[in-house]
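**Q** Let me begin by handing over the structure; questions about it come next.
The values are calculated or read from the model by the stated rules, or taken from the named source; none is laboratory data. These numbers come from a predicted model, not from an experiment. Virtual Cβ from ideal backbone geometry, glycine too; neighbours counted across all protein chains shown. Remember, those area values only see protein heavy atoms, side chains included, never the ligands or the DNA or RNA. Shrake-Rupley method; radii C 1.70, N 1.55, O 1.52, S 1.80 Å.
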Amino acid sequence: VIGFKHTKYLVSRLKSQGISLLLKVNIHYYFSNKLGDILLKLNREIDKAAIVIKNIQNIFILSITIFIFICLLILISWQITLAALIIIVVNIVINYLTTNSLKELNISLVKKTKISSQKIIELLTSIRLIKAMKNEKKEYQLSTQLIATKERTQLNIQAISASISPINEISRILIILVLIIASNYLYGQQIQDFAPMLLIYLVVLFHLLPFISQFTNALSQITNNFSSVEVIADFLDEANKPIFQSGNIIFDKLQSGIEFQTATFAYPNDAKLVLDKINIHIPQGKVIALVGNNGAGKSTIIDLLLRFYDPIDGQILIDNQNLTEYDLNSWRRAISVIGHDDYLFNNSVAYNVTYGLQNISELDLITAVKIANAYDFIDRKSVVYGKCLD
């Protein structure tokens, strides 16, 4: 129970650390990483990494226990123990080789499952095109081939996993046979005098075997899931993530204005310049509009102003102070943004309208909704705090 609770705590802590990191990273991180891959790391890979860490702890404890039992066996008869250990070591080696095969098959299964799932999603999302081109038969063949390949890999995994238990049982029988043969050979006529010690030896040995089985199982789980530790270590490493350092100046209110000084920008890993030595001055209290064709850089200017990115050359001044020197949280709290894409949180209308704000009265909320001309098509009950949309 303690181990279970410890593992759950570890998983919870790693996931909390992962969410904290995802809230810190730059916007570009989400363009260069697929959402599905991020969720996979945050959920399954963290669970598997926690299993590895738990089993490393188990192996440490089991190693001490096994060592004590082996010392007891050696004290009774080091010759018989040597013979028994040969079978035990052979069994461990066989289990290790089996788990390595399982590891390779599991890696292969993950890849094949991913490819198969992507193909099914592709088939469903492009069904109109498939039907229009009368290509159903080819798509069916491709999909079923991928499913069959995945199923064969799963069958191989099940077959190898099912063979582990019989191998261990055979090993135990071989150990007993070896003990009987070794005892007869070593003690011969004195076997009757050694019989009580042999009985004690067998009791100690059969108490040892379950611990060896647990040891090999723990080693198997570490081998199968160790790649997840490397994945999570890389995922939680802030050094290789695009994280902006916040400045120390707390922004309160715009005093003089905003100025772009020869600001140049290109998106990461893209040589094409989106902005080339842009100069813009916006005095405090002035309303301006940026007009241009798609791809002219209007949204990029807003992204730079929000400090989703920093210019690769030039600077952005806020009240004659470089934007990078301002505290990022206080600066963004002072800006209101209405983007191209609308997003509603799975919560009440009040929550969505006042998102990011604090201590907003119901009167202010209703006033804001009326100003936005949204009051008529929102049910009055859903505007009240705590009420959700039907």
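**Q** When residues of the stretch 226-267 are filtered for being assigned to a loop (DSSP other than H, G, I, E, B) and under 24 Å from the mean Cα position of the chain (by Cα), how many remain?
**A** Here the count works out to 6.
Residues checked against (1) at pLDDT below 75; (2) under 21 Å from Trp78 (Cβ atoms); (3) open to solvent by less than 80 Å² (accessible area, probe 1.4 Å); (4) assigned to a helix (DSSP H, G or I):
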position	(1), (2), (3), (4)
Leu109	no, no, yes, yes
Lys138	no, no, no, yes
Gln141	no, no, no, yes
Ile147	no, no, yes, yes
Tyr187	yes, yes, yes, yes
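**Q** May I pose another question? How many residues are open to solvent by 20 Å² or more (accessible area, probe 1.4 Å), within 15 Å of Ile249 (Cβ to Cβ) and assigned to a loop (DSSP other than H, G, I, E, B) when one looks only at the stretch 292-326?
**A** The number of residues fulfilling the criteria is 2.
**Q** In the stretch 1-23, what residues are among the charged types (D, E, K, R) and at pLDDT 85 or above?
**A** Passing the criteria: Arg13, Lys15.
**Q** Every residue in the stretch 22-47 that is open to solvent by less than 70 Å² (accessible area, probe 1.4 Å) and outside any helix (DSSP H, G or I), please.
**A** Passing the criteria: Val25, Asn26, Ile27, Asn33.
**Q** Take the residues of the stretch 268-295 that are within 25 Å of Phe244 (Cβ to Cβ) and basic (Lys, Arg): which is modelled with the highest pLDDT?
**A** It comes out as Lys277.
**Q** Hey, can you tell me all the residues within the stretch 234-259 that are open to solvent by 50 Å² or more (accessible area, probe 1.4 Å), of a type in the set (A, V, I, L, M) and touching a residue at least 40 places away in the same chain (Cβ under 8 Å)?
**A** Hits for the stretch 234-259 are Ile249, Ile250.
**Q** Any residue in the stretch 200-211 that is closer than 29 Å to Gly36 by Cβ and either open to solvent by less than 60 Å² (accessible area, probe 1.4 Å) or under 30 Å from the mean Cα position of the chain (by Cα) (or both)?
**A** Within the stretch 200-211 (the criterion being closer than 29 Å to Gly36 by Cβ and either open to solvent by less than 60 Å² (accessible area, probe 1.4 Å) or under 30 Å from the mean Cα position of the chain (by Cα) (or both)), the answer is no, since none of the residues qualifies.
**Q** Further question on the same structure: Answer yes or no: is there a residue in the stretch 260-267 that is in contact with a His (Cβ under 8 Å, 6 or more places away or on another chain) and open to solvent by 50 Å² or more (accessible area, probe 1.4 Å).
**A** Within the stretch 260-267, one or more residues are in contact with a His (Cβ under 8 Å, 6 or more places away or on another chain) and open to solvent by 50 Å² or more (accessible area, probe 1.4 Å).
**Q** Residues of the stretch 16-48 being of a type in the set (D, E, K, R) and either under 30 Å from Leu304 (Cα atoms) or touching a His at 6+ places or on another chain (Cβ under 8 Å) (or both), which ones?
**A** Lys24, Lys34, Asp37, Lys41, listed by residue number.
**Q** Does Ile130 count as over 23 Å from Leu205 (Cα atoms) and in contact with an Asp or Glu (Cβ under 6 Å, 6 or more places away or on another chain)?
**A** It is true that Ile130 is over 23 Å from Leu205 (Cα atoms) and in contact with an Asp or Glu (Cβ under 6 Å, 6 or more places away or on another chain).
**Q** Taking the residues in the stretch 311-352 that are among the charged types (D, E, K, R) and in contact (Cβ under 8 Å) with a residue 12 or more places away in the chain as candidates, determine which candidate is nearest to Leu365 (Cα to Cα).
**A** Among them, the one singled out is Arg333.
**Q** Here is a check on your reading of the model: is Ala50 in contact with a Ser or Thr (Cβ under 7 Å, 6 or more places away or on another chain) and either without any contact (Cβ under 8 Å) to a residue 60 or more places away in the chain or surrounded by 15 or more Cβ atoms within 10 Å (Cβ to Cβ) (or both)?
**A** yes
**Q** What pairs come up if the first residue lies in the stretch 74-103 and is outside any helix (DSSP H, G or I), the second is modelled with pLDDT of 75 or more and open to solvent by less than 20 Å² (accessible area, probe 1.4 Å), and their beta carbons are under 8 Å apart, counting only those six or more places apart or on different chains?
**A** The qualifying pairs are Ser77/Tyr201.
**Q** I've got another one for you. State yes or no: is Ser116 open to solvent by less than 60 Å² (accessible area, probe 1.4 Å), in contact (Cβ under 8 Å) with a residue 12 or more places away in the chain and either at positive phi or not aromatic (Phe, Trp, Tyr) (or both)?
**A** In short, yes.
Residue-wise test of (1) open to solvent by 40 Å² or more (accessible area, probe 1.4 Å); (2) at pLDDT below 80.
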{"site": "Lys54", "(1), (2)": "yes, no"}
{"site": "Gln57", "(1), (2)": "yes, no"}
{"site": "Phe60", "(1), (2)": "yes, no"}
{"site": "Ser63", "(1), (2)": "yes, no"}
{"site": "Ile68", "(1), (2)": "yes, no"}
{"site": "Ile74", "(1), (2)": "yes, no"}
{"site": "Asn95", "(1), (2)": "no, yes"}
{"site": "Lys103", "(1), (2)": "yes, yes"}
{"site": "Lys112", "(1), (2)": "yes, no"}
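**Q** Exactly one of these conditions fails for Ile167: (1) under 21 Å from Ser101 (Cα atoms); (2) among the aliphatic types (A, V, I, L, M); (3) surrounded by 14 or more Cβ atoms within 10 Å (Cβ to Cβ). Give me its number.
**A** Evaluating Ile167 over (1) under 21 Å from Ser101 (Cα atoms); (2) among the aliphatic types (A, V, I, L, M); (3) surrounded by 14 or more Cβ atoms within 10 Å (Cβ to Cβ) leaves (3) as the failure.
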